[in-house]
Amino acid sequence: MGSFFLYLIMTNSKPIGLFDSGIGGSSIWSAIHELMPNEDTIYLADSKNAPYGKKSKEEIVALSEKNTEFLLNQNAKIIVVACNTATTNAIKELRAKYDVPFIGIEPAIKPAALHSKTQKIGILATKGTINSELFNKAVEIYHDTTIIEQIGYNLVELIEAGEINSPEMKQLLHSYLQPMIDENIDYLVLGCSHYPYLMPQIREILPPHIKIIDSGEAVARQTQNILREKVGFNAADHKSTNIFYINANPNVLADILEHRYPIEQRDF
C-alpha cells in the first residue's frame, strides 16, 4: 500500500516549462529531453527581446516574470530558466514570487576551476551574466584560479539571425578566444545557453587540449533530481509532447530543431 501511495504522489503529468531570451536555451531543452524523453515540455523563446545580456537587471526580472507567467498558464510543473543572464539576474526574485520549483543555469565555473591543471580558465558569457552579482560571487570562491572573462558581444544576435557559420561569427570568435589561448587556459566555460551551437567553430580555433564545458547535462540532471524529490514524473510509458513558442521569426529555431517539432509563433 505504501509503495502504491508513493507512486501516486510522485506521478505528475504536467509539462516541464523552459524559457530563454531566444533559441539558445533549446540546447538545454535537448539535454533534458534526451535524459527524460517521456516528459512533456513547453519551450518559450523570447527572441523578440534577445539578447537579455544588454538589458538592465530590472528589465531582465520583468521579462523573466512575463515568461514564467506564460508557462504557469500552460500548467508547467517546474520551470527551467534556460538562460544564464536570466538566472544570474532574476532567479532569486522568481523563487520569491512564484510557488513552483525553478532550475537555473549558471556558468560551470566549479568543474573547470577544480580540474584545471594550469589554474587558468576562460569564460565566454554575455555582459549581463559577467556583470551580475551571482556570477561575481561564484568567481570569488576560486581565487586561486585565474579566470579570464570575455563578453561575447554580438554572438547571440548572430545566432538568432541564423548566422552561426558566417565569416563575421568566425572573426568574432577568433578575437575573443585567442587572448585566452595566449594566457594558457586549459578549460573554456560557455556562459550562455546559445553558445553550445558554436561548438564546431570554437573547436576549430582552440588547441585540442583545451576542454569546453557547458551546463546542459548538469541542468538536465538537476531537473531530474527535483522531479524525483518534489514534483513527480510523467508515466514511464508516456509518449511525450514537445511544444515550442517563439515571438519572432520561427525559421532559425525550426532549423535547429531539424523541423521535428511544432513551433507556434505568438506575440507575448
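A few points about this structure:
- All distinct Cα pairs of region 130-268 go into the 1/r average, and the inverse of that average, the Kirkwood radius, is 18.0 Å.
- Solvent exposure, largest accessible area first (probe 1.4 Å, DNA, RNA and ligands not counted), of TYR52, TYR153: TYR153, TYR52
- GLN265 versus GLU34: modelled label distance in nm, points set 7 Å from Cα along the beta carbon direction: 3.0
- Total charge dipole magnitude, region 174-222, about the Cα centre, Cβ charges on Lys, Arg, Asp, Glu only, Debye to nearest 20: 180
- Computed 3J(HN,Hα) for region 36-42, one whole-Hz value per residue from the Karplus formula 6.51 cos²θ - 1.76 cosθ + 1.60 where θ = phi - 60°, is 10, x, 8, 7, 5, 9, 10, glycine and proline marked x.
- Within the accessible area of the chain (1.4 Å probe), percent carbon and sulfur: 51
- Interchain or long-range residues, amide H under 5 Å from LEU257's placed H: none
- Per-q log10 I(q)/I(0), the chain, q = 0.09, 0.11, 0.16 Å⁻¹ (Debye; single scatterer per alpha-carbon; no solvent): -0.40, -0.60, -1.21
- Peptide packing for 222-229, 250-257, 139-146 was compared via the average number of neighbouring C-beta atoms within 10 Å per residue; ordered from the highest value, the list is 250-257, 222-229, 139-146.
- Taken per residue, the accessible surface of region 1-103 reaches 41 Å², heavy atoms only and a 1.4 Å probe.
The values are calculated or read from the model by the stated rules, or taken from the named source; none is laboratory data. What you are looking at is a predicted structure, and each value in this text was computed from that prediction instead of being measured. Counting neighbours? That spans all protein chains shown, and the Cβs are built from the backbone with ideal geometry, glycine included. Surface areas here come from the heavy atoms of the whole protein model, side chains and all, with no ligands, DNA or RNA. Shrake-Rupley method; radii C 1.70, N 1.55, O 1.52, S 1.80 Å.
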